[in-house]
Amino acid sequence: MLTLLVLTDFSPAADYALRYAATLAAPGGAHLVLLHVRPSLLSPNALTAAPETEEDAHALLRQRLQSLPAGLPASAAVASGEVAAEVAAAVRQREAAVVIVGRPELGPVPDELVHTTSLGLLRHLPCPLLVVPHHAAGAVPPQRALLAVDDQPLPHTPGTAALRPLLGQAALTVAFVADEEVAADPEQAFRNARHAGLLAGFGPVQERGFANADAAAGIADATALVQPDLLAVVARRRSLLGRLFHQSVTAAVVRDATVPVLVLPEHAD
């Protein structure tokens, strides 16, 4: 049974992500773990977070568990400390297949803020991160998915095979985003994605080239054309050659997406 770790700060965006996760989990019988991390006294967030006791947090978690569909396996936990460290510890302890986090309506939010929230987790996570925009569009579970790749070899990631119970019915389009001359031949990028294990969790697969020197803009073009229910990208820890997966591009994609974004982090060496 897959375990989905859903983060909550009890905000509307987090509640929406929980409802999304519950709908996603139901067909495959996945187990939801709802996690709330209270900032430690030494954390900078302790100065800005809403005051609450641990008992308050448990009561709010119970309310949310009671709102889930009957029969859906679910549990909840409260941790205290730095969010990224506590989430990474929970992933390892519970062997979570994916971490799910809600993204509020951002408006004119700079990339730096996205880095310090959703993408800040990626440096610590050994599993994919699913970012769910508030009021995300698309079918749940996804019927159409879009994987963005470039012409560089893909790094070692968790892959998608383990997520088949969540993604197995989704038709996948591999969007090869590159300069016009290179984008005309998507076969190598397709082979890279297959070799990296990024196709295994989906249904039927096709590839398409999208010519755009701006990677984030190219992904937006592909999303507008394909109209996926889910967008998947890879986030490299460092990128000397590739342009598509460095953090600023990933941040822009996560910030602007109107569909859930599955971010596959590069494994540490």
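Under a model in which nothing but the beta-carbon of Lys, Arg (+1) and Asp, Glu (-1) is charged, segment 144-265 shows a dipole of about 620 debye around its Cα centre. Between R62 and E187, the contour length at 0.36 nm per residue exceeds the alpha carbon distance by 40.1 nm. Modelled this way, with points 7 Å down the Cα-to-C-beta line, the labels at E95 and T53 are 3.7 nm from one another.
Note the full-extension length gain between A217 and H156 as 0.36 nm times their separation in residues minus their Cα-Cα distance, in nm to one decimal. Before the final figure, lay out the partial values.
On the way: separation 61, 0.36 × 61 = 21.96 nm, distance 2.49 nm.
Value of the extension gain: 19.5 nm.
In plain terms, the chain from S75 to D15 could stretch by 20.1 nm, reckoned as 0.36 nm per residue minus the Cα-Cα distance. In this label model, A224 and R164 are separated by 3.7 nm, measuring between points 7 Å along each Cα→Cβ vector. Amide H contacts of L154 (H built 1.01 Å from N, in plane; Pro and chain starts excluded): no residue 5 or more places away or on another chain comes under 5 Å.
Of V226, A215, A170, which is farthest towards the positive pole of segment 144-265's charge dipole, taken about the Cα centre with +1 and -1 on the beta-carbons of Lys, Arg and Asp, Glu respectively? Checked the options; the winner is A170.
Any read-out appearing in this document is the output of simple, stated calculations on the displayed coordinates, not a laboratory observation. Bear in mind that the values here come from a model prediction, so they are computed numbers and not experimental data. Methodologically, a virtual Cβ is constructed for each residue, glycine included, from the backbone with ideal geometry; neighbour enumeration extends over all protein chains shown.
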